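Have a look at the structure below before the remarks.
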Amino acid sequence: MSNYNPNFPNNTGFSDNPYVPVGSGQSPYIDSGHQSTAQLASLLQRFCGALLDSLLPSLFLLPGYFMMIFGAIAMEQQNQAGGNPDLPIVSILGLAIIIIGGLLTLVLQIYLLATRSQTLGKYIMKTQIVDFETGQPADFVKAAVLRILVNSIIASIPCVGAIYSLVDIFFIFREDRRCIHDLLAGTTVIDISNR
């Protein structure tokens with residue numbers, strides 16, 4: 001006789017029972033892979049995805065920053081030589097690269113969130129934002145508006161925002177690996193590397 005208990009939570013905090021009622025606090029669709037369709041993203045995948053989301057936009061903007069610095073140095077040299085410093089064309093091009101690069105990065109992130117429920121970092125790390133109750137890819141409102149925009153607004157509140165951001169990050173160590181922004185949006189992040 002087996003010691004299997006379908007209602008005993010496994011190491012992810014979810015029940016092995018796929019018939020757990022919706023709203024019970026446990027997702028019937030996401031667990032450690034016993035009787036479900038998805039596995040939670042690992043802490044390493046979540047960390048690397050967030051890191052890539054922070055660093056990749058900077059790479060797109062870096063050439064523009066260097067061009068603006070070079071232009072500022074040229075203006076300072078003209079000023080020290082006693083001339084009338086003009087804004088060098090390289091500074092104008094640098095500013096254009098920053099604006100265009102920033103817009104392209106924003107458009108790419110919005111496109112990925114709207115069509116794949118992923119950011120660029122999540123796409124690279126093969127993770128996806130899904131609805132916690134259904135296990136389906138999260139819609140744009142949950143993936144972008146609630147998870148990112150609302151979370152950013154709360155994080156920007158003076159004094160409280162910094163504490164909130166820190167607590168939000170530490171929620172990743174819960175058994176279900178859901179940060180506060182996941183709880184606000186009703187989402188979780190899964191590993192799709194096997195798909």
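See the values below:
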{"item": "DSSP bridge pairs, segment 30-191: antiparallel proportion in percent, nearest 5", "result": "80 percent"}
{"item": "Per-selection Kirkwood Rh - segment 43-194 (Cα, Å, 1 d.p.)", "result": "17.6 Å"}
{"item": "Sorted peptide list for 113-123, 62-72, 142-152, criterion being average Cβ within 10 angstrom, highest first", "result": "113-123, 142-152, 62-72"}
{"item": "Contour minus Cα-Cα distance for L87 and A72 (0.36 nm per residue)", "result": "4.6 nm"}
{"item": "Ordering of 185-192, 158-165, 131-138, 105-112 by burial proxy (mean other Cβ atoms within 10 Å per residue, highest first)", "result": "185-192, 131-138, 105-112, 158-165"}
{"item": "Inter-probe distance in nm under a simple model that places probes 7 Å from Cα toward Cβ, at F173 and L43", "result": "0.7 nm"}
{"item": "For segment 113-125, Karplus couplings with θ = phi - 60° (6.51, -1.76, 1.60), whole Hz, Gly/Pro x", "result": "5, 6, 9, 10, 6, 9, 9, 4, x, 5, 4, 5, 7"}
{"item": "Rough spin-label spacing in nm, given labels placed 7 Å along Cα→Cβ, for L106 and Q80", "result": "3.7 nm"}
{"item": "In sequence order, calculated HN-Hα J values of segment 148-163 (Karplus, 6.51, -1.76, 1.60; Hz; x Gly/Pro)", "result": "9, 5, 4, 4, 5, 5, 4, 5, 8, 5, x, 6, 5, x, 5, 5"}
{"item": "Volume in Å³ per residue [convex hull over Cα atoms, computed for segment 92-156]", "result": "101 Å³"}
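Quick note: the coordinates plus some simple rules give every number you see, no bench work behind them. This structure is a prediction, so every number in the text was calculated from the model and none was measured. Because the Cβ atoms are built from the backbone with ideal geometry, glycine has one as well, and the counts that use them run over all protein chains shown.
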